[in-house]
Amino acid sequence: MSLLDAAEQLFQQRGVSRCSLQDIALSAGVTRGAIYWHFKDKAELFDAMMERATMPLEEGMDMNVDASGVLSLADLRWGLINVFYSAMHNERTRRVFEIAMQKVEYTGEMQALQERKLQSHRNWREQNRLAFEHAISLGQLPPSLNTGRAAVALVALVDGLLHQWIMDPESFDLMEVGQTAIEGFLTSLAQSREPLLPPMSAEEIARLGQQGICQGLKREN
């Protein structure tokens with residue numbers, strides 16, 4: 001078993017604060033010194049575990065930006081729905097989300113990751129805000145929209161759905177509820193009774209789980 005596999009399993013079972021590097025080394029069948037060859041401390045190992053699970057899933061968001069580097073509303077929708085899809089259908093993604101949301105305290109040696117977590121959230125909000133500003137320039141959203149508040153509200157919506165589902169996965173279908181909530185939210189910003197975006201295309205649906213988790217979510221709460 002690799003060090004990251006061992007850490008992932010132990011963090012989920014016991015919580016991050018209750019796992020020592022020695023525990024992880026024993027589970028992986030290596031010495032503690034072998035861990036220090038790769039990672040300077042538990043925070044760095046935790047960070048590597050999160051990167052392994054989510055980095056391959058982030059690349060697609062960058063592929064979908066326009067020439068200005070801003071996401072369209074359709075691609076913003078796709079990226080967020082893909083988060084829900086990946087959480088439901090990718091065991092590793094779900095496991096690290098559970099660890100990051102429920103099994104870690106950003107104190108002691110883990111405190112160094114707190115600022116990175118906050119910066120990820122800032123980046124996520126800014127990505128949303130820029131997408132809304134771009135949509136206003138295209139006439140999709142009204143000029144009166146407070147894009148900063150809307151960006152915060154969208155983060156809160158996605159964050160809340162993920163927390164509720166991770167806590168009780170059997171309570172609702174994350175994909176179904178999540179897609180309805182996101183599309184309803186975007187339509188409400190347009191102040192329209194008609195859906196703001198057309199249904200997702202077959203091509204968009206086929207890409208789910210293959211690329212692109214939004215920036216910020218990999219260290220989600």
Seminar exercise, completed: When region 153-181 is checked residue by residue, the ones that are over 15 Å from the mean Cα position of the chain (by Cα) and of a type in the set (Val, Ile, Thr) are VAL177, THR180
Problem set entry | Scan of region 15-33 for residues that are surrounded by 13 or more Cβ atoms within 10 Å (Cβ to Cβ) and in a helix (DSSP H, G or I), ordered by number | VAL16, SER17, LEU21, ASP23, ILE24, ALA25, LEU26, SER27, ALA28, ARG32
For this session: Inspect all residues belonging to region 190-201 and state whether any of them is assigned to a helix (DSSP H, G or I) and either hydrophobic (A, V, I, L, M, F, W, C) or modelled with pLDDT of 95 or more (or both).
Result: no
Exercise. Of all residues in region 1-14, how many are modelled with pLDDT of 90 or more and either open to solvent by 70 Å² or more (accessible area, probe 1.4 Å) or touching a Pro at 6+ places or on another chain (Cβ under 6 Å) (or both)?
Worked result: 3
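Rundown of residues vs (1) over 18 Å from PHE11 (Cα atoms); (2) touching a helix residue (DSSP H, G or I) at 6+ places or on another chain (Cβ under 9 Å); (3) not in a helix (DSSP H, G or I), yes/no style:
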site	(1), (2), (3)
ALA74	yes, yes, no
GLY79	yes, yes, no
ASN82	yes, yes, no
ALA87	no, yes, no
ARG94	no, yes, no
ALA100	no, yes, no
GLU105	no, yes, yes
GLU109	no, yes, no
Problem set entry | All positions within region 123-179 that are among the basic types (Lys, Arg) and free of Cβ contacts under 8 Å to residues at least 24 places away in the same chain | ARG129, ARG149
Problem set entry | Residues of region 34-53 satisfying the condition of being without any contact (Cβ under 8 Å) to a residue 40 or more places away in the chain and either of a type in the set (Lys, Arg) or not in a helix (DSSP H, G or I) (or both) | PHE39, LYS40
Problem set entry | region 34-64, residues that are open to solvent by 50 Å² or more (accessible area, probe 1.4 Å) and either within 27 Å of ALA87 (Cβ to Cβ) or at pLDDT below 55 (or both) | GLU44, ARG52, MET55, PRO56, GLU59, ASP62, MET63
Problem set entry | Condition met for LEU157 (open to solvent by 30 Å² or more (accessible area, probe 1.4 Å) and under 25 Å from THR180 (Cβ atoms)) | yes
Exercise. Can we say SER171 is among the hydroxyl-bearing types (Ser, Thr, Tyr), farther than 22 Å from GLN12 by Cβ and in a loop (DSSP other than H, G, I, E, B)?
Worked result: no
For this session: Could you tell me whether region 132-146 includes any residue that is part of a helix (DSSP H, G or I) and over 17 Å from LEU196 (Cβ atoms)?
Result: no
Exercise. Filter region 167-191 for residues that are hydrophobic (A, V, I, L, M, F, W, C) and touching a Phe, Trp or Tyr at 6+ places or on another chain (Cβ under 6 Å); which is surrounded by the fewest Cβ atoms within 10 Å (Cβ to Cβ)?
Worked result: MET175
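The values are calculated or read from the model by the stated rules, or taken from the named source; none is laboratory data. Predicted model only: the values in this text are computed from it and were never measured. As a convention, Cβ positions derive from the backbone with ideal geometry for all residues, glycine included, and neighbour counts pool all protein chains shown. The protein model used for the area step is the full one, side chains on, heavy atoms only, and it has no ligands, DNA or RNA in it. Shrake-Rupley method; radii C 1.70, N 1.55, O 1.52, S 1.80 Å.
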